[in-house]
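Notes to accompany the following structure.
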Amino acid sequence: MRPSQLLTVLEREFLSARTGQHTPVMMWGAPGVGKSQIVSEIAEKHGVPLVDIRLSQMEPSDLRGIPFRSDEHVEWAIPSMLPDAERHGAEGILFLDEITSAPPSVSAAAYQLILDRRLGEYYIPEGWAIFAAGNRQGDRGVTYSMPAPLANRFSHFELEVNLDDWVSWAYANGIDERLIAFLRFRPELLFDFDPAHNPVAFPSPRTWEFAHRGLQKFGDHNELLSPALQSCVGPAAGIELAAFIDNMEKLPDIDAIISGDSLDVPKEVDLQYAVASALVARALQAKGSENANTTFGHILDYARGFRQREMGVMLVSDMHRAIGQDLFSVPQFSHWAKAVADVMLFEG
């Protein structure tokens with residue numbers, strides 16, 4: 001399932017906790033594809049606490065609590081990390097990350113917590129959703145086979161990488177447009193992990209964010225930039241990205257395009273991806289400003305100049321995902337849509 005779809009599933013599951021219709025969700029996926037980040041986005045969007053419990057780092061007694069004597073009885077001190085309506089709030093997300101890396105004795109201790117929303121005398125507050133995540137056994141991580149009784153307590157979804165979803169996230173989170181352009185040019189490098197070789201650094205949505213940080217820190221240091229990028233996404237992808245960035249000097253004047261000047265589209269395919277990504281970033285910056293429609297219009301005019309119309313379609317599609325419905329009110333949009341009508345049907 002692509003990230004945008006899983007985000008919708010988890011959000012509805014979170015909201016369903018208010019009406020008692022919630023089913024715990026288990027997310028499966030390779031390392032670095034963004035499982036934890038999706039859960040964090042939902043918590044941030046709704047302004048609720050996220051209790052992140054790493055079962056792989058726990059003993060069975062860490063969940064159950066510590067026994068103590070009370071008169072002639074033994075009671076249990078409830079762990080403070082578990083959701084509490086008074087301390088954490090009436091609504092929130094309990095996230096059991098790395099659940100497939102937990103020893104069987106620990107995962108067994110979570111059976112009752114997940115299905116019955118309780119452990120002994122402790123109860124999870126009604127407005128709290130339960131999500132879990134883990135790597136698959138073929139991903140070369142420290143994993144255990146999920147016991148059938150535990151698996152039967154979840155609905156299961158497998159997260160797959162999707163370039164369009166990642167690009168939308170990247171623009172919204174200020175990822176360097178040169179990196180976005182590179183992955184549009186080399187989409188197969190968004191995620192490239194071969195468990196058989198067990199690489200230390202490899203391309204994934206997580207490590208491309210690391211590469212973005214590397215660009216900000218070492219972009220002005222030619223000798224260190226390539227090694228820094230390789231340390232994030234591996235030697236092959238890092239060297240390619242560094243070479244791609246070196247070629248950006250041939251990029252047309254983006255300010256001139258935004259101003260409405262008539263400039264030729266580069267012949268080189270990598271530069272076409274680069275100029276498209278730069279223009280989408282400028283559109284996002286202009287969103288909500290007084291001259292937003294003028295900027296959008298000039299970008300649409302430029303998009304009609306691509307010899308390969310599919311490239312212009314990609315530019316406008318990314319722009320639509322970045323700025324939303326405002327694009328449709330720009331006069332040049334109808335002209336652009338007619339020009340590419342035989343290439344695609346634009347989805348609003």
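Determine the per residue accessible area of segment 1-156 with all protein chains present and a 1.4 angstrom probe, expressed in square angstrom.
Numbers: 7810 Å² over 156 residues.
It amounts to 50 Å² per residue over segment 1-156.
Given the rule -39500 (n - 2.57) for each run of at least 4 DSSP H residues, summed and divided by the residues of the chain, what is its mean residue ellipticity at 222 nm, to the nearest 500 deg cm²/dmol? Mind dumping the intermediate values first?
Working: 16 runs with 162 residues, N = 348.
Rounded to the nearest 500, it is -13500 deg cm²/dmol.
Kirkwood hydrodynamic radius of segment 1-156 from all distinct Cα pairs, in Å?
Numbers: mean 1/r = 0.0621 Å⁻¹.
With all distinct Cα pairs of segment 1-156 included, I get 16.1 Å.
So for each of 164-177, 109-122 I average, over its residues, the number of other beta carbons within 10 Å; can you give me the resulting order with the highest mean first? All intermediate terms of the calculation are to be shown ahead of the outcome.
Details: 164-177: 18.7, 109-122: 16.6.
Ranked by mean Cβ neighbours within 10 Å, highest first: 164-177, 109-122.
Starting from the Cα of Glu126, step 7 Å along the direction of its Cβ; do the same at Asp261; then give the gap between the two resulting points in nm.
Placing both labels 7 Å beyond Cα along the Cβ direction yields 6.5 nm.
So, for segment 197-257, what is the accessible surface per residue at a probe of 1.4 Å, expressed in square angstrom? Please report the intermediate quantities before stating the final value.
Values: 3290 Å² over 61 residues.
Each residue of segment 197-257 exposes 54 Å² on average to a 1.4 Å probe.
I'd like the carbon and sulfur percentage of the solvent accessible area for segment 1-156, probe radius 1.4 Å, heavy atoms only, ligands and nucleic acids excluded. Walk me through the numbers before you get to the answer.
Working: 3870 of 7810 Å².
Of the solvent-accessible surface of segment 1-156, carbon and sulfur hold 50 percent.
Tilt of helix 309-323 relative to the longest C-alpha principal axis of the chain, in degrees (0 to 90, nearest 10)?
With rounding to tens, the tilt is 50 degrees.
Using the basic label-point model (7 angstrom from Cα toward the beta carbon), what is the Arg309 to Arg118 distance in nanometres?
The answer from the label model is 6.4 nm.
Show me, for segment 217-227, the HN-Hα J-couplings you get by feeding each phi into the Karplus relation (A = 6.51, B = -1.76, C = 1.60, θ = phi - 60°), rounded to Hz, glycine and proline as x.
These are the phi-based 3J(HN,Hα) values: 7, 10, x, 9, 10, 4, 5, 9, 4, 4, x Hz.
Given an 8 Å cut-off on Cα distances and at least 6 residues of separation, report the relative contact order of the chain as a percent.
With pairs under 8 Å counted, the relative contact order is 15 percent.
Rounded to the nearest 10 degrees, what's the angle between the helix 163-172 long axis and the longest principal axis of the chain, both from Cα atoms, 0 to 90?
Approximately 90 degrees, to the nearest ten.
Given a Förster distance of 45 Å, report the FRET efficiency between Ala201 and His73 from their Cβ-Cβ distance, rounded to the nearest 0.05. Could you put the intermediate results ahead of the total?
Working: r = 54 Å, r/R0 = 1.21.
Efficiency computed from Cβ-Cβ geometry: 0.25.
Net charge around Asp192, counting only other residues with Cβ within less than 12 Å of its Cβ (Lys, Arg = +1; Asp, Glu = -1)?
Within the 12 Å Cβ shell, the charges total -2.
Please give the length that would be gained between Ser155 and Arg12 if that part of the chain were fully extended, namely 0.36 nm times their separation in residues minus their C-alpha to C-alpha distance (nm, one decimal). All intermediate terms of the calculation are to be shown ahead of the outcome.
Values: separation 143, 0.36 × 143 = 51.48 nm, distance 1.33 nm.
Going from the current span to full extension adds 50.2 nm.
Could you compute the net charge surrounding Trp336? Neighbours are other residues with a C-beta less than 9 Å from the C-beta of Trp336; K and R count +1, D and E count -1. If you can, show how the numbers build up before the last one.
On the way: positive: Arg304, Lys338; negative: Asp301.
Overall, the nearby charge balance is +1.
Ignoring ligands, DNA and RNA, what percent of the 1.4 Å accessible area of segment 205-271 is carbon and sulfur?
Numbers: 1820 of 3730 Å².
That fraction is 49 percent.
Restricting the calculation to Cα positions, tell me the Rg (one decimal) and the Dmax (whole number) of the chain in Å.
In order Rg, Dmax, the Cα atoms of the chain give 24.3, 87 Å.
Once fully extended, how much extra length lies between Ile66 and Ala339, figured as 0.36 nm per residue of separation less the alpha-carbon to alpha-carbon distance?
Values: separation 273, 0.36 × 273 = 98.28 nm, distance 6.98 nm.
Here the segment from Ile66 to Ala339 would lengthen by 91.3 nm.
Contour minus end-to-end for Asp301 and Ser80, with contour as 0.36 nm per residue of separation and end-to-end as the Cα-Cα distance? Mind dumping the intermediate values first?
Working: separation 221, 0.36 × 221 = 79.56 nm, distance 5.85 nm.
Answer, rounded to one decimal: 73.7 nm.
Please get the size of the charge dipole for segment 1-156, origin at its Cα centre, with Cβ charges of +1 on Lys and Arg and -1 on Asp and Glu, quoted in debye to the nearest 20. Don't skip to the end; give the middle numbers.
Numbers: 14 positive and 19 negative charges, 129 e Å.
For segment 1-156, the charge dipole is close to 620 debye.
Can you tally the net charge around Val265? Count Lys and Arg as +1, Asp and Glu as -1, for every other residue whose Cβ sits under 12 Å from the Cβ of Val265.
Values: positive: Lys267, Arg304, Arg307, Arg309; negative: Asp264, Glu268, Asp301.
After counting each charged neighbour, the total is +1.
Quick check: pseudo-label points 7 Å beyond the Cα along Cα→Cβ at Ser145 and Asp326, how many nm apart are they?
Rounded to a tenth, the inter-label distance reads 5.4 nm.
Could you rank the peptides 180-189, 1-10, 244-253 by their average count of other C-beta atoms within 10 Å per residue, with the highest value first?
180-189, 1-10, 244-253
Using a 1.4 angstrom probe with every protein chain in place, what is the largest-first accessible-area order of Met58, Met26? Present the calculation step by step, with values, prior to reporting the outcome.
Details: Met58 30, Met26 0 Å².
The ordering from most to least exposed comes out as Met58, Met26.
The values are calculated or read from the model by the stated rules, or taken from the named source; none is laboratory data. Only a predicted model underlies this, so the values are computations on that prediction, with no experimental measurement involved. All Cβ positions, even for glycine, are placed from backbone atoms using ideal geometry, and neighbour counts span all protein chains on display. Only protein heavy atoms, including side chains, enter the accessible area calculation; ligands, DNA and RNA are left aside. Shrake-Rupley method; radii C 1.70, N 1.55, O 1.52, S 1.80 Å.
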